[in-house]
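Asker: The structure under discussion is supplied below as structure tokens; questions concerning it will follow.
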Amino acid sequence: MTAEFRQAKSKEFVESLTRHNMDSYYKRIGIPWDQERFDRNWEEFESYEINVDDTVVGVLRLSHDNVAYYIRDLQIRPSWQGKGVGSQAIIFARGIAKRAGAILLRLCVFIMNPAVAFYERLGFRVCKTEGAVQYMEMKIS
């Protein structure tokens, strides 16, 4: 199974999947959904649909500065989690970052999210923990 990455066109899909996947974390931490922030970020981030056999199974959202690329959001439909789609998304993001000359790939994740272990298996290391959030990065070689 090979994932394909295409520019995301449906803001509604991205928002719906993100809210569905993250709702329990937001509630647990007491963070309300910030529609204005989501709308602003929709314009600023590079957003990709993740497709498998012409089915949209997830979304990857990126931003960057002069040093690093940032995975701002990686959401996979629950029925597709654990099937290698997330790993392919990280490889895709790393490729974009490398071609752009970035030296780091960074992300942040809630500490109670099982994805922390996934990111560590792929080579990310925790840089700092602030409240309920871990900041992680990997060097791009």
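The values are calculated or read from the model by the stated rules, or taken from the named source; none is laboratory data. For clarity, every value in this text was computed on a predicted model and none was experimentally measured. Positions of Cβ are backbone-derived with ideal geometry, glycine not excepted, and every protein chain shown enters the neighbour counts.
Yes/no per residue for (1) at pLDDT 95 or above; (2) acidic (Asp, Glu):
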{"position": "Pro32", "(1), (2)": "no, no"}
{"position": "Asp53", "(1), (2)": "no, yes"}
{"position": "Ser63", "(1), (2)": "yes, no"}
{"position": "Tyr69", "(1), (2)": "yes, no"}
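Asker: Just to be sure I understand, how many residues within segment 105-141 are over 14 Å from Ile71 (Cα atoms), touching a residue at least 24 places away in the same chain (Cβ under 8 Å) and among the basic types (Lys, Arg)?
Answerer: Qualifying residue count, segment 105-141: 0.
Asker: If the Cβ limit is 8 Å and pairs must be 6+ apart or interchain, which residue in segment 28-51 that is more than 24 Å from Ala132 (Cβ to Cβ) pairs with which residue that is aromatic (Phe, Trp, Tyr) and surrounded by 11 or more Cβ atoms within 10 Å (Cβ to Cβ)?
Answerer: Tyr48/Phe5; Tyr48/Phe92; Glu49/Phe5; Glu49/Phe13; Ile50/Phe5; Asn51/Phe5
Asker: Continuing with this model, one more query. Among the numbered criteria (1) in contact (Cβ under 8 Å) with a residue 40 or more places away in the chain; (2) outside any strand (DSSP E or B); (3) aliphatic (A, V, I, L, M), which single criterion is violated by Val59?
Answerer: (2)
Asker: When you go through Tyr70, Tyr25 one by one, which is the residue that is of a type in the set (Phe, Trp, Tyr) and in contact with a His (Cβ under 7 Å, 6 or more places away or on another chain)? Give the steps one after another, and end with the answer.
Answerer: Values: Tyr25 fails: in contact with a His (Cβ under 7 Å, 6 or more places away or on another chain).
Result: Tyr70 is the single residue among Tyr70, Tyr25 that is of a type in the set (Phe, Trp, Tyr) and in contact with a His (Cβ under 7 Å, 6 or more places away or on another chain).
Asker: Looking for whichever is farther than 27 Å from Met1 by Cα, of a type in the set (Val, Ile, Thr) and surrounded by 14 or more Cβ atoms within 10 Å (Cβ to Cβ) here; the options are Val126, Val109, Val116, Val57. Which one fits?
Answerer: Just one listed residue meets the conditions, Val126.
Asker: Let me ask something additional. Does Tyr26 satisfy the condition of being under 20 Å from Asn113 (Cβ atoms) and surrounded by fewer than 16 Cβ atoms within 10 Å (Cβ to Cβ)?
Answerer: Spelling it out, Tyr26 is indeed under 20 Å from Asn113 (Cβ atoms) and surrounded by fewer than 16 Cβ atoms within 10 Å (Cβ to Cβ).
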